[in-house]
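What follows is a single structure, written as structure tokens, with notes after it.
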Amino acid sequence: MTRVYIKKLSPGEDAHASELLILGAGLEERFGMKLSEKTVTAGERGKPGFSDGFPFFNFSNCRGYAVVALSDLPVGVDIERIRKIPDGVCLRYLHDLPESDRERILLWTRYESLGKLFGVGIPHSLDGSGTRFFTECEGDATVTVCTSDDHCDFEWV
């Protein structure tokens, strides 16, 4: 199962430090492992992972939020605040022009999470060969997870 930990950050709180704290707590909770006993590495295109390859995780943050996805299967995650995405950016990267800002952000987080799953940046299509998208919207934040897992739990921490 994939678990996603989402945190609304306090003003001035460091997103990357929060991601590591969330990762450590989730690692202990889900797998009984200590982050201090693991080595975090970055793949060729910056995709994070553990040197021993297990478990799988991914980070994301945006202004005011940090998120960590932790799973026994490869996973990608993106979080974005609802905001205006210009038409040209939508057409170039999303190949579509959704009408509302919320729909544009939802589509953007799908592309980002799929690209982060495979460590390739923004892909040209949403064909993820057997992957699934799970989305949680809360206030002005949208979180999307991409994995081949059948189940995903979201937890606000």
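The values are calculated or read from the model by the stated rules, or taken from the named source; none is laboratory data. The structure displayed is predicted, hence computed values, not measured ones. Virtual Cβ from ideal backbone geometry, glycine too; neighbours counted across all protein chains shown.
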Checklist entry - Among the listed residues Val89, Val75, which satisfies the condition of being touching a residue at least 40 places away in the same chain (Cβ under 8 Å) and hydrophobic (A, V, I, L, M, F, W, C)? => result Val75
Checklist outcome for this item: Of Ser100, Ser113, the only residue that is more than 17 Å from the chain's Cα centre (by Cα) and modelled with pLDDT of 90 or more is Ser100
Checklist outcome for this item: Per the filter on segment 106-150, residues in a loop (DSSP other than H, G, I, E, B), surrounded by fewer than 16 Cβ atoms within 10 Å (Cβ to Cβ) and touching a Ser or Thr at 6+ places or on another chain (Cβ under 7 Å) are Gly130, Ser148
Checklist entry - Mind checking whether some residue in segment 32-39 is of a type in the set (Lys, Arg), assigned to a loop (DSSP other than H, G, I, E, B) and modelled with pLDDT under 95? => result no
Checklist entry - Is it true that Gly46 is among the small types (Gly, Ala, Ser), surrounded by fewer than 13 Cβ atoms within 10 Å (Cβ to Cβ), on the phi > 0 side of the Ramachandran plot and without any contact (Cβ under 8 Å) to a residue 12 or more places away in the chain? => result no
Checklist entry - Quick one: is Val75 under 12 Å from the mean Cα position of the chain (by Cα) and closer than 19 Å to Ile22 by Cα? => result yes
Checklist entry - Applying the selection to segment 15-40, what residues are in contact with a Ser or Thr (Cβ under 9 Å, 6 or more places away or on another chain), surrounded by 15 or more Cβ atoms within 10 Å (Cβ to Cβ) and more than 12 Å from Ser60 (Cα to Cα)? => result Gly24, Arg30, Lys38
Item to check | Out of Gly76, Gly46, sole residue that is under 26 Å from Lys8 (Cα atoms) and at pLDDT below 95 | outcome: Gly46
Checklist entry - From the set of residues in segment 81-105 that are more than 23 Å from Thr147 (Cβ to Cβ), of a type outside the set (Lys, Arg) and out of contact with any helix residue (DSSP H, G or I) (no Cβ under 8 Å at 6 or more places or on another chain), which is surrounded by the most Cβ atoms within 10 Å (Cβ to Cβ)? => result Asp101
Checklist entry - If Phe54 passes every condition in (1) outside any helix (DSSP H, G or I); (2) at pLDDT below 95; (3) exposed (fewer than 15 other Cβ atoms within 10 Å of the Cβ) but one, which one does it miss? => result (2)
Checklist entry - Do we find that Leu106 is under 16 Å from Glu19 (Cα atoms) and of a type in the set (A, V, I, L, M) in this structure? => result no
Next on the checklist: Looking at the structure I just gave you, is Lys38 of a type in the set (D, E, K, R) and closer than 16 Å to Val143 by Cα?
Outcome noted: no
Next on the checklist: Can you find, within segment 117-145, the residue that is farthest from Arg63 (Cα to Cα) among those that are touching a residue at least 24 places away in the same chain (Cβ under 8 Å) and either small (Gly, Ala, Ser) or in contact with a Lys or Arg (Cβ under 7 Å, 6 or more places away or on another chain) (or both)?
Outcome noted: Ser125
Next on the checklist: Take the conditions of a type in the set (A, V, I, L, M), in contact with a Leu (Cβ under 8 Å, 6 or more places away or on another chain) and more than 27 Å from Leu27 (Cα to Cα) and apply them to Leu126. Does it pass?
Outcome noted: yes
